[in-house]
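Trainee: What follows is a single structure, and I will ask about it in a moment.
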Amino acid sequence: MIIAVASGKGGTGKTTVAASLAATLADNEQPVFFQDCDVEAPNAHIFLKPGIDLRVDVNILIPQVDEALCTGCGRCAEVCEFHAIVVLAGKPLVFSEICHGCGSCTLECPEKAISENPKPLGILEGGHANTQIRFAHGLLNVGEPMAVPVISQLKKWQVPHQREVVVRDSPPGTSCPVVESIRGADFVILVTEPTPFGLHDLKLSVQLTAELGIPTGVIVNRDGVGDTKVDDFCTEVGLPILMRIPLERKIGAGIAKGDLLTEIYPAYEDRFYQLFEKIEGILVERGDKQ
């Protein structure tokens, strides 16, 4: 089973929920593979404290044109969906910053004048948080604009073991990195807060998971502030509220120190395991459990 934890905006407690869920499952002898897909600002390691012993580079293949072979026909520019290569006055120009490394220009060049060179995007790191949690995260190089290739390679880097539950901590928002991180998940937990901003971004996230056809539930963090409009929206669209986490100084102080919710309040271990059982029940009812 793959459970992705996402949020329409940053700072809602997404990583807190994902890490606490993973730790709870591990404490109950359920093997977990935790993937931190928030590659622009990964921080799940602060909570899970894994030992890192695996590292691999992430590269993207960028076209390089041999001008001695190029005839300036423009076929490369025609097939580039992202306009990363153009031909001006018979000479090709490559914009590596927006190249997605799809290889179409190389394949379609009639003169075989295009080769591909690796460009570093970031790294993947892996290890174990304890005997029951395998851990992996990606780190996008500073200044690189494209997180999707790093997320895609992170998802494929290590194959989940047979009994493992995969918990993915997704980036915030609803852009391409989020789509890539939740793609293929069996269930998405959306973490929100009962504020106008939280409701606005929750609606965008719900629209995204609906378009992808992924079953979704909501956790309301900082419960007790704002109003009831998040609850009203969830009722209106038939979205289950799976858990509520109150706004408390003790919780905020503990998270700031890198503590899990289950360490701040041990009673949350039962609540997170019940959350997992609710998700299992929803998937069984839908016939989606894998």
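Throughout, read-outs are computed from the coordinates displayed, never taken from laboratory work. Quantities reported herein were computed from a predicted structural model and do not represent experimental measurements. Counting neighbours? That spans all protein chains shown, and the Cβs are built from the backbone with ideal geometry, glycine included.
Trainee: Around C234, under 12 Å between beta carbons, what's the net of Lys plus Arg minus Asp minus Glu among the other residues?
Mentor: Working: positive: K203, K229, R244; negative: D231, D232, E236.
Here the count lands on 0.
Trainee: Mind checking which of G173, G226, G13 has the largest fluctuation in a GNM of the chain, springs on alpha carbons under 10 Å?
Mentor: Per the Cα network of the chain with a 10 Å cutoff, G226 tops the list.
Trainee: Right, next: Which residue, N28, N141, N221, tops the fluctuation ranking in a GNM of the chain built on C-alpha contacts under 10 Å?
Mentor: N28
Trainee: While we're here: Taking 0.36 nm per residue of sequence separation and subtracting the Cα-Cα distance, how much length would be gained by fully extending the chain between E211 and F82, in nm to one decimal?
Mentor: Details: separation 129, 0.36 × 129 = 46.44 nm, distance 2.32 nm.
Gain in length upon complete extension: 44.1 nm.
Trainee: Something else: Sorted from largest down, what three extents in whole angstroms do the Cα atoms of the chain have along their principal axes?
Mentor: Sorted from largest, the Cα extents of the chain read 70, 43, 39 Å.
Trainee: Could you give the DSSP H helices of the chain that reach 18 angstrom or more along their long axis (alpha carbon positions) and whose average Kyte-Doolittle hydropathy is no lower than 0.0? Write down the numbers at each step before the final one.
Mentor: Values: long enough: 14-27 (20 Å, 0.75); 196-212 (25 Å, 0.39); 268-286 (27 Å, -0.55).
Correct list, ordered by number: 14-27, 196-212.
Trainee: Also: Are there cysteines in the chain with no second cysteine's Cβ under 4.7 Å away, and if so, which?
Mentor: C37, C70, C73, C80, C99, C102, C109, C176, C234
Trainee: Let me know the Rg and Dmax you get for segment 163-241 when you use only its Cα atoms, in Å.
Mentor: 12.6, 41
Trainee: Say a paramagnetic label sat at a point 7 Å from the Cα of R286, along Cα to Cβ; which residues of segment 204-224 have their backbone N under 14 Å from it?
Mentor: It comes to 206-218, nothing else.
Trainee: On a straight-distance basis, which lysines could pair with K14 in a cross-link, Cα separation under 28 angstrom, same-chain partners fewer than 8 positions away excluded?
Mentor: By straight Cα distance, K14 reaches K49, K155, K156, K203, K229, K250, K257, K278, K289.
Trainee: Using all alpha carbons of segment 67-112, what is the percent of pairwise distances in each 5 Å bin, ordered from the shortest bin to the longest?
Mentor: Answer for segment 67-112: a P(r) of 5, 25, 36, 24, 10, 0 percent.
Trainee: If we count every other residue with Cβ under 15 angstrom of F197's Cβ, Lys/Arg +1 and Asp/Glu -1, where does the sum land? Mind dumping the intermediate values first?
Mentor: Values: positive: K9, K14, K203, R222, K229; negative: E193, D201, D227.
Result for the local shell: +2.
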